[in-house]
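The values are calculated or read from the model by the stated rules, or taken from the named source; none is laboratory data. Note that the coordinates shown come from a computational prediction; the quantities given were computed from them, not determined experimentally. Reconstructed Cβ throughout: ideal geometry from the backbone, glycine too, with neighbour counts over all protein chains shown. SASA here: full protein model, heavy atoms, side chains in, ligands and nucleic acids out. Shrake-Rupley method; radii C 1.70, N 1.55, O 1.52, S 1.80 Å.
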Amino acid sequence: MHTLTSSLLLTMLLLAPLSVMAKLPADLKTVGQGDAFYLSVIKVYNASLAVGNNATRTNVLEADVSRCLTLDYAVDLSADKFALAADTILKRQHDTATLQSINPQLAQLHNAYQDVKVGDIYQMCYDAKQQTTRLLLNDKPLTSVKSAEFANVYFGIWLGEKQPITQALRESLLKGL
C-alpha cells in the first residue's frame, strides 16, 4: 500500500506542471499555436491563439473580434525585455502618429509587465464587448486597457500582416482560421 501511495504521489508531482494552464474565456476557441525563437535557435515561448466564432484571417484584429494570446515561456526574461521587443516591432509596423495615439495605453501595459521564469504564462485577452485588453501573468490580472485601437495595434505584433514578430509564427497562430 505504501509503495502504491508513493507512486501515485510521485506521479502527481511530476504531472503537476502540465496541469497549470491559463484559463480561456468560454466563448473562445483555440485556432493555432507555434513557437517563438531567438536567433532561430533558442526557444523563447510557445504561443497559442484563441478567438471568437466570428474571427477570420482578415478580421482577427478588428474591434468586434474577441481574442486571447497565451505565451508559455521557455526562458527567464526580465520585464524590460518585453517593452523593448514590442517597441522594436511596433516601430517597424506603424507610423509615429499611430504609436503616439496609443502611447498612454502602451505605457500602461508596458509598466505592468513583470519578470518571467521558465513555465510562467502571460495571457493577453481582448474582450470585444467591453473593448478592453487584459494582461494576466499565471492567471493573475496585472492591468486592463480600454481601447479597441490599442488592441488592434498591440495584437498586430503577432497577428498583423505587416512585419509581424515572425511570419512563421503568425501563420501558425492563424492556422485554424
Note, ³J(HN,Hα) from phi for the range 66-76, Karplus 6.51, -1.76, 1.60, rounded to Hz, x at Gly and Pro: 6, 7, 9, 10, 10, 10, 9, 7, 9, 9, 7
Express the C-alpha Rg of the range 60-177 as a ratio against the empirical globular expectation 2.2 N^0.38 Å, rounded to two decimals. 1.00
Straight-line reach only, C-alpha to C-alpha below 18 angstrom: list the lysines that K146 could link to, leaving out same-chain residues fewer than 8 apart. K129
proj_area_mean for the range 39-95 (convex hull on C-alpha atoms), units nm², value 5.5 nm²
Among K23/K140; K43/K162; K29/K91, the pairs whose Cα-Cα distance exceeds 20 Å are K43/K162; K29/K91
Orientation-averaged projected area, Cα convex hull of the range 101-158 (nm²): 4.1 nm²
I'd like the distance separating the alpha-carbon centroids of the range 24-44 and the range 147-164, in whole Å. 15 Å
Most positive-pole-ward Cα, T96, Q131, N111, against dipole of the chain from beta carbon charges: Q131
Residue ranges of DSSP H helices in the chain that stretch 24 Å or more (Cα, own long axis) and have mean Kyte-Doolittle hydropathy of at least -0.5 are 2-19
For the ranges 166-173, 55-62, what's the packing order if you count other beta-carbon atoms within 10 Å of each residue, average per peptide, and put the highest first? 166-173, 55-62
Spelling it out for V31: with amide H atoms placed in the peptide plane at 1.01 Å from N, the residues 5 or more places away or on another chain with amide H under 5 Å from its amide H are L49, A50, V51
For K29, what charge total do you get from the other residues with a beta carbon under 13 Å from its beta carbon, if Lys and Arg give +1 and Asp and Glu give -1? +1
Of all accessible surface on the chain at a 1.4 Å probe, what whole percent is carbon and sulfur? 58 percent
How much area per residue is accessible in the chain when the probe is 1.4 Å and only protein heavy atoms are counted (Å²)? 56 Å²
